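Okay, structure first, notes after.
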Amino acid sequence: MATFQSTIQLNCSAESAFDFLIRTENIVRLAPDSAIEFVDPPEVLSAGVSLKVKATVYGMTYDISYGIVECSRAEKIKEVQTRGPLGKWQRETSIETAENGCTLTDSIEFEPPGGLAGFVMTEAKIRQSLESSYEFRNQTLQQLLGAE
């Protein structure tokens, strides 16, 4: 199993960061080139919610489903892929109060797909895609919520 982690310091409260991150319209804003499209999304994430997404990855469009398994006010959001191309996808977003705002840490565990798709979506390519996506995401968070 592979892992990826990204951390950013924001000049806003943990509550403000949480409120921003649980709105599906903002999740789309954090994805580069509108790479994801929600299908009948809820306005706000909460524990037990299922999300259906159309995502374009390496030129292929996939129907992906996620479950929000934990959504703790101003602390944590945890999602798990329930249907999709990867062998495993689990993301935990932790929000901690810091001296001048908050620290946002995303920890991702993933497994590349098996079969022919695994030749295209290798661990190295997935990691490279995550690095690029999180560079965009963190820049956007800095613009919208402020960063140190």
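Observations on the structure shown:
- In the stretch 18-37, the residues that are over 17 Å from Glu131 (Cβ atoms) and surrounded by fewer than 15 Cβ atoms within 10 Å (Cβ to Cβ) form Cβ pairs under 8 Å with partners that are modelled with pLDDT of 90 or more and among the basic types (Lys, Arg), at six or more places apart or across chains, as follows: Glu37/Lys54.
- Scanning the stretch 21-63 for residues that are out of contact with any helix residue (DSSP H, G or I) (no Cβ under 9 Å at 6 or more places or on another chain), under 18 Å from Lys78 (Cα atoms) and of a type in the set (S, T, N, Q) yields Thr24, Ser46, Ser50.
- Residues in the stretch 94-107 that are among the β-branched types (Val, Ile, Thr) and either surrounded by fewer than 16 Cβ atoms within 10 Å (Cβ to Cβ) or touching a helix residue (DSSP H, G or I) at 6+ places or on another chain (Cβ under 7 Å) (or both): Ile95, Thr97, Thr105.
Yes or no, residue by residue, for (1) aliphatic (A, V, I, L, M); (2) assigned to a loop (DSSP other than H, G, I, E, B); (3) surrounded by 15 or more Cβ atoms within 10 Å (Cβ to Cβ); (4) within 15 Å of the chain's Cα centre (by Cα):
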residue	(1), (2), (3), (4)
Pro42	no, yes, no, no
Val53	yes, no, yes, yes
Ile64	yes, no, yes, yes
Gly67	no, no, yes, yes
Glu79	no, no, yes, yes
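- Per the listing Arg73, Arg91, the residue uniquely exposed (fewer than 15 other Cβ atoms within 10 Å of the Cβ), touching a residue at least 12 places away in the same chain (Cβ under 8 Å) and either under 19 Å from Arg29 (Cα atoms) or not hydroxyl-bearing (Ser, Thr, Tyr) (or both) is Arg73.
- The set of residues in the stretch 45-68 that are under 23 Å from Ser6 (Cα atoms) and free of Cβ contacts under 8 Å to residues at least 40 places away in the same chain comprises Leu45, Ser46, Ala47, Leu51, Val53, Ala55, Thr56, Ile64, Ser65, Tyr66, Gly67, Ile68.
- Set Pro113, Pro85: member being in contact with a strand residue (DSSP E or B) (Cβ under 6 Å, 6 or more places away or on another chain), outside any strand (DSSP E or B), more than 16 Å from Asp19 (Cα to Cα) and not β-branched (Val, Ile, Thr): Pro85
- Filter result (among the aromatic types (Phe, Trp, Tyr) and under 17 Å from Gly101 (Cα atoms)) within the stretch 5-63: Phe18, Phe20
- Some residue of the stretch 114-129 being of a type in the set (Lys, Arg), under 18 Å from Asn26 (Cβ atoms), surrounded by 14 or more Cβ atoms within 10 Å (Cβ to Cβ) and modelled with pLDDT of 90 or more: no
- Checking Met60, Met1 one by one, the residue that is surrounded by fewer than 17 Cβ atoms within 10 Å (Cβ to Cβ) and touching a Lys or Arg at 6+ places or on another chain (Cβ under 9 Å) is Met1 and no other.
The values are calculated or read from the model by the stated rules, or taken from the named source; none is laboratory data. If you're wondering where the values come from, they're calculated on a predicted model, not measured in any experiment. Note that we place each Cβ from the backbone using ideal geometry, even for glycine, and neighbour counts take in every protein chain shown.
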